[in-house]
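What follows is one structure encoded as structure tokens, with my remarks underneath.
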Amino acid sequence: MNIQLNQKKVFFASDFHLGAPDEKSSRQREEKIIQWLSSIEDHAAAIFLVGDIFDFWFEYDKVIPKGFVKFISKISNLRDQGIPIFFFTGNHDLWMKDYFSQELGIPVFHQPIEITIENKHFLIGHGDGLGPGDQTYKLLKKLFTNPFCQWLFKWLHPDIGIRIAHRWSSNSRLTNMGKNEDHFKGDDEWLWAYCKQIDQSKAFDYFIFGHRHLPLDLPVGEKSRYINLGEWVSQFTYAVFDNEGLKLKKFEA
């Protein structure tokens with residue numbers, strides 16, 4: 001796939017975590033995200049939403065989680081304007097299926113994808129489960145993505161299943177805070193290490209990931225860069241690519 005800018009820009013954001021940590025703060029964040037989307041819609045050649053957009057999402061056969069109507073309405077409106085939107089699952093919303101693609105015309109990607117934008121080569125994904133280490137999570141991801149386990153979970157009443165999921169999500173965030181995940185780890189930055197490994201066999205200009213909750217712009221090879229998009233719980237950071245290159249920015253409402 002090749003995206004041409006045509007005097008416009010491509011925008012990247014991740015880790016909105018809509019629904020967390022409570023309804024009030026989530027709605028305030030949702031309003032800010034909608035303000036950001038409104039501010040870029042006249043300039044967007046494409047928008048990439050790179051995972052953990054929802055703090056929890058599970059598509060039952062006939063049910064989706066309550067809430068997020070304003071956000072979903074906004075991206076539906078953007079799509080109706082002809083703006084391509086690319087949606088990625090993260091570790092918090094990996095149980096997305098075909099609701100977005102069928103109802104909104106927005107493709108959903110469960111793995112990193114390669115894409116060309118104005119003759120620059122990108123590898124884009126959420127980033128969970130990539131790189132060395134974190135074997136516990138990799139094992140859990142296999143469990144969560146197992147079709148039989150998903151089939152079992154869907155037989156829980158949504159009120160019960162979603163309550164359990166939110167409790168799990170809250171504990172996960174507290175665990176990560178205890179591990180000082182919000183600090184740069186130098187050579188132990190595992191997504192950076194993953195990009196360096198990929199760079200040995202295939203050249204990209206930009207590696208773009210989320211998940212890490214820390215905005216980063218780091219060199220990978222002689223010409224390639226690793227960009228982490230940060231998060232929207234407290235940082236409100238995103239990336240924009242235009243004819244001058246790619247930059248990390250912070251949205252001020």
- Query: Once the piece of chain linking Ile164 and Asp182 is laid out straight, how much longer is it, given 0.36 nm per residue of separation minus the C-alpha distance between them?
  - Reply: 3.9 nm
- Pairwise label distance in nanometres, Lys32 with Gln150, each label 7 Å out on the Cα-Cβ vector: 3.2 nm
- What's the longest bit of the chain with no exposed trypsin sites (Lys or Arg not before Pro), using DSSP loop states and at most 15 other Cβ atoms within 10 Å as the test? 67-153
- Mean residue ellipticity (222 nm) of the chain, computed from DSSP H runs ≥ 4 via -39,500 (n - 2.57), nearest 500: -10500 deg cm²/dmol
- Gain in span if fully extended, Trp190 to Gln81, counting 0.36 nm per residue against the direct Cα distance: 35.4 nm
- Task: For Ala46, list long-range residues whose amide hydrogen, built 1.01 Å from N in the peptide plane, is under 5 Å from its own amide hydrogen.
- Result: Lys9, Phe11
- Taking only C-alpha pairs under 8 Å that are 6+ residues apart, what is the relative contact order of the chain in percent? 23 percent
- Positive dipole terminus of segment 2-250, leading residue within Leu191, Ile115, Asn146 (C-beta point charges): Asn146
- Message: Place a point 7 Å from the Cα of Gln7 along the Cα-to-Cβ direction; which residues of segment 85-99 have their backbone N under 11 Å from it?
- Response: none
- Nearest 20 debye, what's the magnitude of the dipole of the chain about its Cα centre given +1 on Lys and Arg Cβ and -1 on Asp and Glu Cβ? 360 debye
- Task: Just tell me which aspartates and glutamates come within less than 15 Å, Cα to Cα, of Lys154; anything on the same chain fewer than 8 places away is out.
- Result: Glu59, Asp61, Asp93
- With a Förster radius of 30 Å, plug the Cβ-Cβ distance of Glu244 and Ser201 into 1/(1 + (r/R0)^6) and report the FRET value to the nearest 0.05. 0.55
- Item | Label-to-label distance, nm, for residues given as Gln102 and Gln235 (7 Å Cα→Cβ offset) | 3.6 nm
- Mind telling me which of Asp80, Asp187, Asp55 comes out most flexible in a GNM of the chain, alpha-carbon contacts under 10 Å? Asp187
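Values quoted throughout were computed directly from the atomic coordinates according to the rules given, and no laboratory measurement underlies them. Since the structure is predicted, the reported quantities are computational estimates derived from the model, not experimental observations. With ideal geometry, Cβ positions are generated from the backbone for all residues, glycine too; neighbour counts draw on all protein chains shown.
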